[in-house]
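Down below is the structure, laid out as structure tokens.
The values are calculated or read from the model by the stated rules, or taken from the named source; none is laboratory data. Quick caveat: nothing in here was measured; it's all calculated off a predicted structure. Here the Cβ positions follow ideal geometry from the backbone for every residue, glycine too, while neighbour counts run over all protein chains shown. Ligands, DNA and RNA are excluded from the accessible area calculation, which covers all protein heavy atoms including side chains. Shrake-Rupley method; radii C 1.70, N 1.55, O 1.52, S 1.80 Å.
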Amino acid sequence: MTAFASSDLPSSVNSLEKLVVWSQMVLNHLYPNMTAIEAPNTAIRVATSGLFYIVDSDPATWRHVGRNSIKLDSNFQRGAAKIWTFANDLGSTAIPTEFKS
């Protein structure tokens with residue numbers, strides 16, 4: 001498990017949107033080469049995110065785009081608990097200090 005405590009969050013992470021960007025960037029940093037099979041013969045990175053400059057918008061703007069693939073225990077289908085409680089660990093690497101301030 002990638003251990004996490006609310007005290008790990010920088011004070012500037014004060015919205016759900018900022019939490020999503022922060023958590024995706026942390027997972028991408030910790031597990032940049034980890035892959036999972038999502039389709040036959042297709043290995044996909046389990047955590048990927050990046051910054052993109054979108055010129056087709058008016059005005060042009062930067063966007064954070066991220067994607068995660070986290071295995072769930074099959075018991076989630078029984079509805080006995082919230083779905084996030086069935087998420088499997090990607091690893092046990094500690095969150096680096098630079099992400100905590």
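Structure notes:
- Members of the range 60-72 that are open to solvent by 80 Å² or more (accessible area, probe 1.4 Å) and more than 18 Å from the chain's Cα centre (by Cα): TRP62
- Some residue of the range 36-53 being open to solvent by 80 Å² or more (accessible area, probe 1.4 Å), touching a helix residue (DSSP H, G or I) at 6+ places or on another chain (Cβ under 7 Å) and aliphatic (A, V, I, L, M): no
- Taken over the range 1-35, the criterion of being of a type in the set (Ser, Thr, Tyr), open to solvent by 50 Å² or more (accessible area, probe 1.4 Å) and not in a helix (DSSP H, G or I) is satisfied by SER11, SER12, THR35.
Here's the yes/no breakdown for (1) touching a residue at least 60 places away in the same chain (Cβ under 8 Å); (2) closer than 18 Å to MET1 by Cα:
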| site | (1), (2) |
| --- | --- |
| SER12 | no, no |
| ASN28 | no, yes |
| ALA80 | no, no |
| PRO96 | yes, yes |
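- Count of the range 58-101 residues which are part of a strand (DSSP E or B) and of a type outside the set (Gly, Ala, Ser): 8
- Assessment of the range 41-57 against the conditions (in contact (Cβ under 8 Å) with a residue 40 or more places away in the chain, assigned to a loop (DSSP other than H, G, I, E, B), more than 10 Å from SER69 (Cβ to Cβ) and among the hydroxyl-bearing types (Ser, Thr, Tyr)) yields no matching residue.
- ASN75 meets each of the listed conditions (1) more than 21 Å from SER92 (Cα to Cα); (2) open to solvent by 100 Å² or more (accessible area, probe 1.4 Å) apart from (2).
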